[in-house]
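Visitor: The structure follows.
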Amino acid sequence: MSLLALLTEHPVADDEALVHTVEESLTRGEVVERVRASAAAIDAGPGQPVPVVADGLAALIAMFGCWMAGAVYVPVNPRQPQSAIDDAIARTTGPLPPDTAFVLWTSGTTGRPKPVQHTHDAYLELIDRVLGPLRGKGRDPAQPPSPNLIPVSMALNAGIYNALFGLRAGAPLVMMDRFETGDFATLVGRHQIRSTVLPPAAMAMLSDDTSVESLAPLRYVRSITAPLSPFQARRFTDRFGVTVLNGYGQVETGEVIGWTAADARTHPDKVGAVGRPHVGVDIRIDHPDDQAVGELLVRPPNTATDLSPERLTADGFVHTGDLAHIDDEGFVWIEGRMSDLINRGGNKVYPEEVEEVLRSVPGVREAAVVAAPDDRLGEVPVAFVAGDDAGHDLDEACRSHLVPYKVPVRFEWVDHLPRNNAGKVRRAELQALAVADQP
């Protein structure tokens, strides 16, 4: 089944609103008309990749236009530096494997981003894996679903997934060209949004914006695109009374672990976990240590078509590269990336644990801990901290909550942490700084 059918077979009538922005609302007929015009303007044959430098509603129209023309959608974030845009376009080549719908790029936190191809059928399965158990639960079938707000870039998997998820559920869409706190609050109130997704950085922006007094009637937010610290989750919940739920997935696998509303009601003590595996998803921990922490392996029903063989075990599990443990009730707790783990003289230091302590210090807005080489211990942790240096003793704060070997050897104050388009910290850049600034 082509993902184009999510638009052409949508249950909303041609004269009913299907897509809303801050400035306008379009009926289904108007959206289809714009998609046809977009398809007619595409100069590419079937299966050929088409790079699209756009976001929000324009990106949505272009994506469906590619599929109507039989082409492959390749989103390019327009807010990247021009050199990164040029590189992405130059690396877009074809033809691609049959049934390819779109090509995304890995996050590039540890190296050059790599292309990941998604097919129409496999991506539809990713959506139905999550949507299936939710259909009919607690909702009158005669009552149309509430609009699905898309507050993230359509150049990211999170934007594409949530837009297509909403259409698959039969819901209208509310699109944002870029995230602005005031616009987000306006759209939530205007369309009576009760549940949506947000990256951690957007939650921090909303928590910091004193002009946003309320996000009613919002009740649930699912954290996406980057790890969310329990500190930021509690801060957002305390500020707006909104329950924050984590989730877990990768570009190659889609979301494989998440929360249900029932789990949120019955397990408030599990805040910080990414949830439990979705139906049809198997998980296990590879080579757990004495704390039951090891690499998370997942086996979803489908993965991206170009998943390399070295990413798979003999029995079909995917190496995620993430460290995690699974508690007695099946909730998964992410401890960090294997590549980020710091080995200080044989002692393991998980950066996220140290970062959580630093974020709890008044005046600290964000923090990242990376490894720096050390002649005696091999590696030592170095902390980069952004915020207001109000004279707080970061070393003392860490020593009051952490064992000595987890305490950073240096604390570097910066204006902000370098992040990629998905909001993830570019740790490679910080590691280079840690080495350059080493005494």
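The values are calculated or read from the model by the stated rules, or taken from the named source; none is laboratory data. Please read these numbers as outputs of a predicted model, since none were measured by experiment. Ideal geometry is used to build each Cβ from the backbone, glycine not excepted, and the neighbour counts take in all protein chains shown.
Visitor: Is it true that some residue in region 114-133 is at pLDDT below 75 and within 21 Å of Arg219 (Cβ to Cβ)?
Guide: Checked against the condition, which is being at pLDDT below 75 and within 21 Å of Arg219 (Cβ to Cβ), region 114-133 yields at least one hit.
Visitor: Test Gly321 against the stated conditions and say whether it is under 23 Å from the mean Cα position of the chain (by Cα), outside the structural domain of Leu134 (by TED's automatic domain parsing), in a loop (DSSP other than H, G, I, E, B) and surrounded by fewer than 19 Cβ atoms within 10 Å (Cβ to Cβ).
Guide: The answer is no for Gly321.
Visitor: Of everything in region 261-287, what is assigned to a helix (DSSP H, G or I) and of a type in the set (A, V, I, L, M)? Give them in sequence order. Spell out the reasoning first.
Guide: From region 261-287, those assigned to a helix (DSSP H, G or I) are 261-266, 268-270; that's our starting set.
Of everything in region 261-287, those that are assigned to a helix (DSSP H, G or I) and of a type in the set (A, V, I, L, M) turn out to be Ala261, Ala262, Ala264.
Visitor: Which one of the conditions (1) closer than 21 Å to Val425 by Cα; (2) of a type in the set (Lys, Arg); (3) surrounded by fewer than 16 Cβ atoms within 10 Å (Cβ to Cβ) does Arg376 fail to meet, given that it meets all the rest?
Guide: Status for Arg376: all satisfied but (1).
Visitor: Quick one: which residue in Val221, Val271, Val279, Val242 is at pLDDT below 85, of a type in the set (A, V, I, L, M, F, W, C) and within 23 Å of Leu134 (Cα to Cα)?
Guide: On the way: Val221 fails: at pLDDT below 85; Val279 fails: at pLDDT below 85; Val242 fails: at pLDDT below 85.
Within the list Val221, Val271, Val279, Val242, the selection yields Val271.
Visitor: Any residue at all in region 335-351 that's farther than 18 Å from Leu228 by Cα and among the hydroxyl-bearing types (Ser, Thr, Tyr)?
Guide: The answer is yes; a qualifying residue exists.
Visitor: Is it true that Val279 is aliphatic (A, V, I, L, M) and either more than 20 Å from the chain's Cα centre (by Cα) or assigned by TED's automatic domain parsing to the domain that holds Ala233 (or both)?
Guide: Spelling it out, Val279 is indeed aliphatic (A, V, I, L, M) and either more than 20 Å from the chain's Cα centre (by Cα) or assigned by TED's automatic domain parsing to the domain that holds Ala233 (or both).
Visitor: Is it true that Val318 is out of contact with any Cys (no Cβ under 7 Å at 6 or more places or on another chain) and touching a residue at least 40 places away in the same chain (Cβ under 8 Å)?
Guide: The answer is yes for Val318.
Visitor: Further question on the same structure: Consider region 205-259. How many of its residues are surrounded by fewer than 20 Cβ atoms within 10 Å (Cβ to Cβ) and at positive phi?
Guide: Selection size over region 205-259: 1.
Visitor: Name the single residue that is nearest to Ser229 (Cα to Cα) among those in region 353-367 being touching a residue at least 60 places away in the same chain (Cβ under 8 Å) and buried (at least 21 other Cβ atoms within 10 Å of the Cβ).
Guide: Kept after step one, since they are touching a residue at least 60 places away in the same chain (Cβ under 8 Å), are these residues of region 353-367: 355-356, 359-360, 365-366.
Now drop any that are not buried (at least 21 other Cβ atoms within 10 Å of the Cβ), which leaves 355, 366.
Details: Glu355: 9, Glu366: 10 Å.
Only one residue fits best here, namely Glu355.
Visitor: Another question about this same structure. Suppose we filter Pro268, Pro230, Pro217, Pro200 for residues that are over 22 Å from Leu156 (Cα atoms) and under 17 Å from the mean Cα position of the chain (by Cα); which single one remains?
Guide: Within the list Pro268, Pro230, Pro217, Pro200, the selection yields Pro230.
Visitor: Let me ask something additional. Does Pro97 qualify as being under 21 Å from Asn302 (Cβ atoms) and part of a loop (DSSP other than H, G, I, E, B)?
Guide: So Pro97 fits the description; yes.
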